[in-house]
Amino acid sequence: MMMLGLGSVGLVLLSLAVQSGHGAQDSAVWSREETTERNYYTRYHNMSEITAWMEQMKRENPDVVSSMVYGQTYERRNITLLKIGLRSTVRKKAIWMDCGIHAREWITPAFCQYFVREILRTYKTDTKVNEMMKNLDFYITPVLNVDGYIYSWHNESTRLWRKSRSPGTGGCTCYGTDLNRNFYANWGMVGVSTDCCNLFYCGTKALSESEAWAVTDMLGKMREDILAFLTIHSYGQQLLVPYGHPNTSAPNHDELMEVGLGAAMAIKAVHGMDYTVGTSPDILYPFLGSSQDFARLIGIPLSFTFELRDKGEHGFELPEDQIQPTCEEAYAGAQHIITYTHDKAFYSYAATVTATLWTTLLAAWVSSAILL
């Protein structure tokens with residue numbers, strides 16, 4: 001079994017939405033102790049803290065970290081890419097990761113921060129990580145839904161806010177669109193609502209939300225280079241593969257399942273947590289208009305949705321003492337997917353051998369009914 005440090009990555013691009021001075025400031029109503037470098041990654045952080053962290057990553061790693069604004073939210077806050085990786089004179093392949101598309105899923109920005117920390121911590125000493133840094137660029141969005149995330153930090157009554165913060169239309173007085181129902185991927189057909197007060201409101205049309213448009217624009221420009229698309233959500237302990245339509249399968253469905261099952265095995269090996277692998281109609285419910293489906297539809301071959309801990313005991317309010325173990329196991333799952341992606345692209349023979357080994361191991365494991 002091939003386990004490589006996800007320091008095995010290459011250029012990372014952290015997509016952070018940075019406040020531009022419009023709208024309410026994000027602030028925590030709960031008292032917060034000063035965090036040290038040692039415990040920073042075991043805490044949840046508001047948008048101002050995440051933005052400061054992003055600047056710190058650039059300041060401390062000037063040779064491998066840079067940033068670029070690639071869009072704005074409805075409330076005119078910048079969405080910024082933080083690029084991490086070894087410089088190259090040739091065009092590089094890429095991996096995309098985004099977190100925080102749903103505001104209340106606080107564990108997901110925490111994971112993106114942890115992911116970046118691990119890459120920067122290991123790339124100088126891990127030869128595989130260094131190789132990946134030369135071959136791949138990573139585009140990572142710690143907080144895509146910045147307006148919603150800031151709103152979720154206002155007070156306890158807003159803590160479980162899910163959607164964006166755009167106002168309703170046509171006389172509807174509710175706010176927000178579910179960004180993961182707003183992409184141009186069989187938009188508005190299944191698993192959505194046209195009621196702007198509903199949690200799953202898909203918007204007035206595909207890409208009505210500037211956040212979804214920004215991601216779409218970036219993916220469109222880079223689709224020939226992006227090898228894998230990872231979008232991080234919570235909760236449920238699942239790995240979803242395209243598509244959300246109950247009667248449609250991705251052309252490489254078997255490969256997606258094989259790689260997903262391998263990632264679930266890697267996750268389980270860390271702290272014993274089971275993750276279920278499959279399409280959303282099979283293990284969750286059908287829904288369309290997701291970023292995952294859009295990525296696969298435009299030709300990005302490996303597209304996955306992570307649903308992190310837990311299975312409902314704490315739900316969206318996962319305690320801080322579970323941040324570190326959740327990130328550690330999710331990192332192992334992402335590690336498996338990225339390693340497979342890299343080796344398939346750059347060492348096709350080795351990837352074939354690895355895939356054959358995984359098929360043998362997974363056949364035995366699936367028969368034990370641990371996963372779908």
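Values quoted throughout were computed directly from the atomic coordinates according to the rules given, and no laboratory measurement underlies them. Given the structure is predicted, the values throughout are model-derived calculations rather than measurements. Note that we place each Cβ from the backbone using ideal geometry, even for glycine, and neighbour counts take in every protein chain shown.
Can you work out the PRE-style zone for ARG223? Point 7 Å along Cα to Cβ, and I want the residues of the range 59-80 with backbone N under 13 Å.
The answer is none.
Could you tell me whether the range 287-342 comes out rounded, prolate or oblate from its Cα gyration tensor? Rule is a ≥ b ≥ c as square roots of the eigenvalues, rounded for a/c under 1.5, then prolate if a/b exceeds b/c, otherwise oblate.
Working: a/c = 4.20, a/b = 1.50, b/c = 2.80.
Here the range 287-342 falls in the oblate category.
Shape verdict for the range 67-141, please, from the Cα gyration tensor: rounded (a/c under 1.5), prolate (a/b greater than b/c) or oblate.
Values: a/c = 2.86, a/b = 1.56, b/c = 1.83.
Cα axes put the range 67-141 in the oblate bin.
Binning at 10 angstrom from zero up to the longest distance, how are the C-alpha pair distances of the range 109-242 distributed in percent?
The percentages, shortest bin first, are 10, 32, 34, 16, 6, 1.
Of the peptides 78-84, 173-179, how do they stack up when ordered by the mean number of other Cβ atoms within 10 Å, highest first?
Working: 78-84: 22.1, 173-179: 20.4.
Answer by packing, highest mean first, reads 78-84, 173-179.
Considering all projection directions equally, how large on average is the shadow of the alpha-carbon convex hull of the range 172-283, in square nanometres? Please report the intermediate quantities before stating the final value.
On the way: hull surface 33.3 nm².
Result: 8.3 nm².
Testing the spin-label approximation: label points 7 Å from Cα along Cα→Cβ at HIS314 and THR248. State their distance in nm.
3.7
Restricting to the range 175-317, compute how many DSSP beta bridges are antiparallel as a %, nearest 5.
The antiparallel fraction comes to roughly 20 percent.
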